[in-house]
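Contents: one structure, followed by commentary.
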Amino acid sequence: MAATEQAQLVACARALFEGAPGSAGQRDANEWLMAFQRSDAAWAPALSVLQHPPVERGRVLAAPVLVAMQIVRLKTTEEWPRLPPLHRRLVRDTMLALLAAACTSTTGALSPAALRIACVVVADIVVKSGSEWAAWKSDLQQIADAGLAQKSAAGAIVFEEVVGAIPQQLARSLHSWGPDEQQAALARFRREYEHVMFFARTVLSSIPDAHSSALRCIESWLVGCVAPHGDFGLDAVKLHTGGLLDPLFSAAVCDDEKLSQLAAEIIADAFALTAPEDPLESESLVEAIWYAAHRLLETEPAFERHLQSSGAGSGSGDDADAAGTGVCRGLSRIACSLAITHTAVLLSPEMNERRGVTDSADAAAAAAAAAGAGGRSGSFIAAFLEYLLRCSAHRSIDVAEPTLEFWFFFLDKSTQSGSLWHRLTTVSEQEHVLSLLGRLVNALIDHCRFPVWFIDTDALTSDDVEVDAIATVRREIADTLLSLFSKWPGLHGARVGNYHSCVKGLVDLLFTTGDVARVDAILFLLEYMIELFDMDSSDSSSDVSDDDELVVSRSSEGIQLLQSVLRGAHALPTHPLVVNGIAKYLRSLSTALVLPGETYVQASLDLCRGLRFSASFAVASHALLSNAASISKYTDISERSVLLETLLSHHSESAAPPGVSTAARGDLIEATFHTMGGVSDAAFAGFCNTALTPLTTAMQSASSSECARAVTLLSRAIRGVCDPRQALALVDQVWPLVGAAIARHQRAEPACRASAVQLFLSVVPSLDAHHAHIEREMIELILRWYAETMSADMLRCCGAIIAKEKENATFASTVEHMIPVMRGSWALLFTVFRQKIRDQPPDDLEAGERGIAAFCLEQRNVDAVAGEVVQFMALVRQVLKFFPLTLIRPRAPEQRSLHWHALRLGAIFLEVDHQAQEISDAVCDFFVDACCAPQDACIRDLEQFASAIMRGVLSYFGAKRVHCRQRSLWEFLFQILHSPRVPVYIQAIFHSALGASLFESAELRSVLSIDALEEVQTELLARRQRPRFRQYLSQLARHLETLASSA
């Protein structure tokens, strides 16, 4: 039987690894192996395969051995404590024989993957065997010695792999032991620290081929490796006393990229994880920090050597370049780990008084070179800061990025150890740090520069990894500089936080460089720096009366400095990135303060330069539109005449660059017409002729797409007109052309209908009582189109017409004439809307729920559906508010009113799981308005649907509605039960509905008793204060969620 199962095991393993991918044979083999490995019979065949590996044509078959090893791994994990001693001995002997063969024979049965699993299996057995560890360790040592005797590193690798896997297996086993067993196991392996470090040190010093295994072993034993026992493992002190820091630093600067990064990560993590509350009280930790810091400074020549070999930047170059960058990145990580975690020790006076790590001439020269960098100071603090600056100034972002956290808190006095600046006492030290910070700012600006090849593309974005990395690190650099500038130190008693001089330096640099990449980088940073000057205005309200005049002066100077960027922007290079930077800077600055009119005009003129490029056209036109309102408000028409001429010059087809979107063109034309605010009627007519002639010509085109684009742009032009008279005159002029274009293309091109609706939305606010015929034409077109597509804009247009007519003082004389038309229109809209969402038949609530639920499930564009439903409910609210009779009066005695149908739809949408919170919010808003309506018919309709509405609200306590935000639902429930807005007799209706719905709710009855449901009803009716009401509902929801999860 065992032989048969062994043969089946071998066959299935080969089919799994050697069979055709996805074949039936491979699937069958996998299913058999998955079932077999869980059976008790799996032990013997698996061990037999490992003891006598199958051979074919003189070579061991790797697949059966690997599968057998995986089975043994699973069985030892789950069954080892239950195995009898003889079975344990068999497994032990098998594993040791395999490891010995792998270390001493060139034809071992284990593949690299199987060998790694074997080492994990042995580590797992060792952890679970307890007192047998000594014997295991002796056997493993013999295997390693046997391999070394044959000049093979395999034995040392196996030993390191097994020992390195012990912490992970220990962490996995602790949860199955009692407290005493846990402590015994932890104590047993704590005694192995010295042996682990000794063997790793030996390997690192004499067995190069096993360096990787030794480093991985050290990494797996670092402090924190056995959670939640954070003190278990090797910390920085142990690495220092164990003599591992020297070989680790040597590995960190080697030419092997993987080894150097692993060694550097070990050092950095060890010091980051070793941070007692007061490190100055731990002499051993101080010694370790001192040793590591000085040893790091001695790597300065290696850093320079790898810096020179690391190519032109991040992400470029061959393997040698990547290795050089990797070494520098690792050293940067070590420096930042020491600087961030152990600032108090590094900045203590004792660090300057200690001698170097070694007394060798080379080491002394290296330390002296590091300490004297820049020729300004020979102290350790200065040398260490220079080292950090070198990391920050490295060409690779990967090297510089770790240092940003240190510099961010560099001057922050609120940190636990205090800022460096407040620890420096001599003027020379302060001067050196100020000089260093200046060089740091320049280095960080350089990291914000995009590469030359990207600048040459005239693009704003790129999928390139290098460009994306710069765009990401820019934000971190800006935050870092913002923190530094806000606390920038001053010499000789000068005010700390001298950010004005820092920003002035950036502004000066902006206008003295002609490099596009640097200009773009500085503009990006300056946008962030606007936040600094908010401090002036906040300081001005402080109680420090002696500084009031200084604060006001600094605030005024700061505003002038910020505005100088826009005033001088015309001198900057013309490039899409520069235009984009000006647009963002203008947006942020104009949000923070009101600018002089001439500044808005000058900024818009500079933005017009971006209209020459396809990449920046959309950015420039959108910024011009955002700026247009301020220009119209704060300038006279004579002050913007040049700007207006410039804008008009860009409206011909030949002026626009290729590939510009209709939306961007729309922004430009709307901005142009907004800028015309205040011109005479004659000048307005001339401007319209210049700007709109290409559009009126395009509307007469035979091309549907060209006509649709022209109608869209015309709608944007009308929207931009500030003077209502001029807007109405423009509508009168173009409406016949629009009607003809719509009639010609509405069937051929859906985009024409969408463009026409946008035009309607722009036209409606301009109409007066003498243009009711235009409103009627719009409504007729919308009713004709609405059934053919989902369009929230069509409903929004109807709502705009309603709102416009209600505000029209002369509309009262024609209201009796319009109401029948409107009533018929709204009835048709209701019918079409219900058909679109499958609400049939109208008198069956449950059938309506099923139809609408199926409709919601089938819709892929949930946002479009939600937008239309939300707009429909908003339209119903408008009609109910302004023309209630249109909804409340039925069109015939035997028919239901539109108000009744609206309540029914709302109740269904509240109940259906449509997964769109905005729909529920819109429905609840309508219900509140319906509750406040004074008509008797509204009250009768509410009585019919009160229970359905309450059931819908209570359904949000169920598990299927947890994705919805409940706060708005709880507010609605409070309003209909307790709000003064809702009449008392309406509240009484919902009070009665609450009791019945609570006991009918499947969600609540499944987890709450009858008594508990009665208590819920009592609490909801008794809590008449909004905060207490919401608090109770939130507590109830959490309680129900807990009950449902434990059921």
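The values are calculated or read from the model by the stated rules, or taken from the named source; none is laboratory data. Remember, predicted model here, so these are calculated numbers, not experimental data. Neighbour counts run over all protein chains shown; Cβ positions are idealised from the backbone, glycine included.
For the reader, a short list of remarks on this structure follows.
- Test: residue in segment 900-923 that is in contact (Cβ under 8 Å) with a residue 24 or more places away in the chain, touching a Pro at 6+ places or on another chain (Cβ under 6 Å), within 18 Å of Leu829 (Cα to Cα) and of a type outside the set (A, V, I, L, M): no
- Among (1) over 22 Å from Ala874 (Cβ atoms); (2) surrounded by 13 or more Cβ atoms within 10 Å (Cβ to Cβ) - the single one Tyr985 does not satisfy: (2)
- Scan of segment 766-788 for residues that are without any contact (Cβ under 8 Å) to a residue 40 or more places away in the chain and either in contact with a Lys or Arg (Cβ under 9 Å, 6 or more places away or on another chain) or farther than 19 Å from Met699 by Cβ (or both), ordered by number: Leu767, His770, His773, Glu775, Glu780, Leu781, Ile782, Arg784, Trp785, Glu788
- Any hit, segment 208-221, residues being in contact with a Gly (Cβ under 7 Å, 6 or more places away or on another chain) and not in a helix (DSSP H, G or I): yes
- Residues located in segment 586-608, provided they are under 29 Å from the mean Cα position of the chain (by Cα) and surrounded by fewer than 23 Cβ atoms within 10 Å (Cβ to Cβ): Arg587, Ser588, Leu589, Ser590, Thr591, Ala592
- Test result for Ile802, of a type in the set (Val, Ile, Thr) and in contact with a Phe, Trp or Tyr (Cβ under 7 Å, 6 or more places away or on another chain): yes
- Among the residues making up segment 746-768, those that are surrounded by fewer than 17 Cβ atoms within 10 Å (Cβ to Cβ) and more than 20 Å from Ala787 (Cβ to Cβ) are Pro765, Asp768.
- Here segment 769-780 is the region considered, the condition is being surrounded by 15 or more Cβ atoms within 10 Å (Cβ to Cβ) and in contact with a Phe, Trp or Tyr (Cβ under 8 Å, 6 or more places away or on another chain), and the residue that is nearest to Leu730 (Cα to Cα) is Ile774.
- Counted residues, segment 674-686 - those being surrounded by fewer than 20 Cβ atoms within 10 Å (Cβ to Cβ) and assigned to a helix (DSSP H, G or I): 5
- Matching residues in segment 403-420 - criterion: being at pLDDT below 65 and either farther than 16 Å from Thr343 by Cβ or assigned to a helix (DSSP H, G or I) (or both): none
- The number of residues in segment 998-1047 that are within 42 Å of the chain's Cα centre (by Cα), hydroxyl-bearing (Ser, Thr, Tyr) and farther than 16 Å from Leu969 by Cα comes to 5.
- Taken over segment 58-94, residues that are within 18 Å of Ser131 (Cβ to Cβ), among the aliphatic types (A, V, I, L, M) and crowded, with 18+ Cβ neighbours inside 10 Å amount to 1.
- Where Ala993 falls short, out of the listed (1) at pLDDT 90 or above; (2) surrounded by fewer than 20 Cβ atoms within 10 Å (Cβ to Cβ); (3) aliphatic (A, V, I, L, M): (2)
- Any hit, segment 39-47, residues being buried (at least 19 other Cβ atoms within 10 Å of the Cβ) and either at pLDDT below 90 or among the hydroxyl-bearing types (Ser, Thr, Tyr) (or both): no
- Meets criteria (at pLDDT 90 or above and assigned to a helix (DSSP H, G or I)) for Ala3: no
- The set of residues in segment 741-759 being in a helix (DSSP H, G or I), in contact (Cβ under 8 Å) with a residue 12 or more places away in the chain and over 38 Å from the mean Cα position of the chain (by Cα) consists of Ala741, Ile742, Arg744, His745.
- Test: residue in segment 547-565 that is at pLDDT below 50 and small (Gly, Ala, Ser): no
- For segment 1009-1047, filtered to residues that are touching a Ser or Thr at 6+ places or on another chain (Cβ under 9 Å) and under 20 Å from Glu911 (Cβ atoms), the residue that is modelled with the highest pLDDT is Leu1013.
Yes or no, residue by residue, for (1) at pLDDT 90 or above; (2) surrounded by fewer than 17 Cβ atoms within 10 Å (Cβ to Cβ); (3) hydrophobic (A, V, I, L, M, F, W, C); (4) touching a His at 6+ places or on another chain (Cβ under 8 Å):
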site	(1), (2), (3), (4)
Ile125	yes, no, yes, no
Glu132	no, yes, no, no
Asp145	no, yes, no, no
Val158	yes, no, yes, no
Ala165	yes, no, yes, no
Glu194	yes, yes, no, no
Met197	yes, no, yes, no
His211	yes, no, no, no
Leu215	yes, no, yes, no
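- Some residue of segment 172-187 being touching a strand residue (DSSP E or B) at 6+ places or on another chain (Cβ under 9 Å) and aliphatic (A, V, I, L, M): no
- For segment 989-1002, the condition of being within 29 Å of Leu898 (Cα to Cα) and free of Cβ contacts under 8 Å to residues at least 40 places away in the same chain holds for at least one residue.
- Among the residues of segment 578-610, those identified as within 15 Å of Thr675 (Cα to Cα) and not aliphatic (A, V, I, L, M) are Gly597, Glu598, Thr599, Tyr600, Gln602, Ser604, Cys608.
- Exactly one residue among Ala620, Ala629, Ala671 is of a type in the set (A, V, I, L, M, F, W, C), surrounded by fewer than 21 Cβ atoms within 10 Å (Cβ to Cβ) and assigned to a helix (DSSP H, G or I), and that residue is Ala629.
- Long-range neighbours under 7 Å by Cβ, at least six apart or interchain, first residue at positive phi within segment 232-244, second part of a helix (DSSP H, G or I) and not hydroxyl-bearing (Ser, Thr, Tyr): Gly233/Pro167; Gly243/Arg201
- Qualifying helices (runs of 4 or more DSSP H) (wholly inside segment 85-197; at least 2 residues being without any contact (Cβ under 8 Å) to a residue 60 or more places away in the chain and among the acidic types (Asp, Glu)): 133-149, 154-173, 179-190
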